[in-house]
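Participant: Let me give you the structure first, and then I'll get to my questions.
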Amino acid sequence: MDDLAGFLRTRRSRVDPAVVGIPADSRRRVTGLRREEVAHLSGVSVDYYVRLEQGRATQPSEHVLDALARVLGLDETERGHLYRLARQRRRRVKTPGSRIRPELLRVLDLVADAPAQIMDHRLDVLAGNQLAVLLHGRPIPGLNIARHIFLEEAEHGLYADWEQCTLDVVGHLRLAVGKYPDDPRLASLIGELAMGSERFRRLWARADVRARTHGRKAYRHPLVGLLELHVENFALPDESSMELLVLSAAPGSPTEDGLRLLAGLGADGDQGAASADQELASIVDTQV
């Protein structure tokens, strides 16, 4: 699904030769750095680096990885991804489970004024509070954010920043594949997305990786309009690969009003359902 060789090739092609002190040449036909240039700047032999890009050198040392990360200009997230890919053949990583402790479900219910949900490394939404359900406009069980964005919502759905969302999703899935290369459900999801979305195929080929921490997310909700939310990602303990996401609105903002209205609409729906149940019960009682 993912490998060290492919990652090195994509990173090499993005380095501006001038940045590493190589003069510009109008006759240059290679995008980025040549293999021999990476080898020279990293202090390894050309033959060894070629074997790395061909997947024939399986255990590069920490010193070599550090040098490659420096030459290729990797950021912290890319550097960690590089090290994980280099160690994949040394140890087998167990795919984490998706069982949620009851205590975590109680925590979700305590978050009353903001959408909150728990997601795993595949971007499956495993649980969410009432506002999360209302935000997505559908039941939480069975919701996968990657599938929702690429195959169900396309460009004109819930996500106001759809293109940015697609970059974030692909970057996250690339990291997940590097961490859990033997996860068959993750492999199946990647295949489904590649078959169904041309944009996913193009972004996946770039091999970009992105860590999710915090930032802005904008939703275009069909009932309450634009919601500009701030998302915080909290990694859950026990190496479960799960994260708690809380999407909050700035105090006094139109988005705060929108969330309050959305919660009210949900409460009205619950009351309507309860009223219908009571009416049905009364009809049954009169017929008995």
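Participant: Relative contact order for region 55-196: what is it in percent, counting Cα pairs under 8 Å that are at least 6 residues apart?
Facilitator: Reported relative contact order: 20 percent.
Participant: What number, rounded to the nearest 500 deg cm²/dmol, is the helix-based mean residue ellipticity at 222 nm of the chain, given -39500 (n - 2.57) per DSSP H run of at least four residues and division by all its residues?
Facilitator: -15000 deg cm²/dmol
Participant: Taking Cα pairs under 8 Å and at least six residues apart, what relative contact order does the chain come out at, in percent?
Facilitator: Answer for the chain is 17 percent.
Participant: May I ask you to compute the full-extension gain from Arg27 to Ser98, defined as 0.36 nm times their residue separation minus their alpha-carbon distance, rounded to one decimal in nm?
Facilitator: Full extension of this stretch gives 20.2 nm more.
Participant: When only Cα pairs under 8 Å and 6 or more residues apart are kept, what is the percent relative contact order across region 102-272?
Facilitator: For region 102-272, the relative contact order is 23 percent.
Participant: Note down the net charge around Asp66, summing +1 for each Lys or Arg and -1 for each Asp or Glu among other residues with Cβ under 15 Å from its Cβ.
Facilitator: Every neighbour counted, the sum reads +1.
Participant: Please identify the GluC sites (Glu not before Pro) of region 120-173 that satisfy two criteria: DSSP loop assignment and at most 13 other Cβ atoms within 10 Å. Which are they?
Facilitator: In loop regions of region 120-173 (DSSP not H, G, I, E or B), the sparsely surrounded GluC sites (Glu not before Pro) are Glu155.
Participant: For a quick protection proxy, order the peptides 115-122, 244-251 by their average other-Cβ count within 10 Å, most packed first.
Facilitator: With the highest mean Cβ count within 10 Å placed first, the list reads 115-122, 244-251.
Participant: Quick check: pseudo-label points 7 Å beyond the Cα along Cα→Cβ at Ser45 and Arg206, how many nm apart are they?
Facilitator: In this crude label model, Ser45 to Arg206 measures out at 3.7 nm.
Read-outs: derived from the displayed coordinates by stated rules, not from any lab. Note that the structure is predicted; figures quoted are calculated from it, not measured. Please note: Cβ atoms are built from the backbone with ideal geometry, for glycine as well, and neighbour counts cover all protein chains shown.
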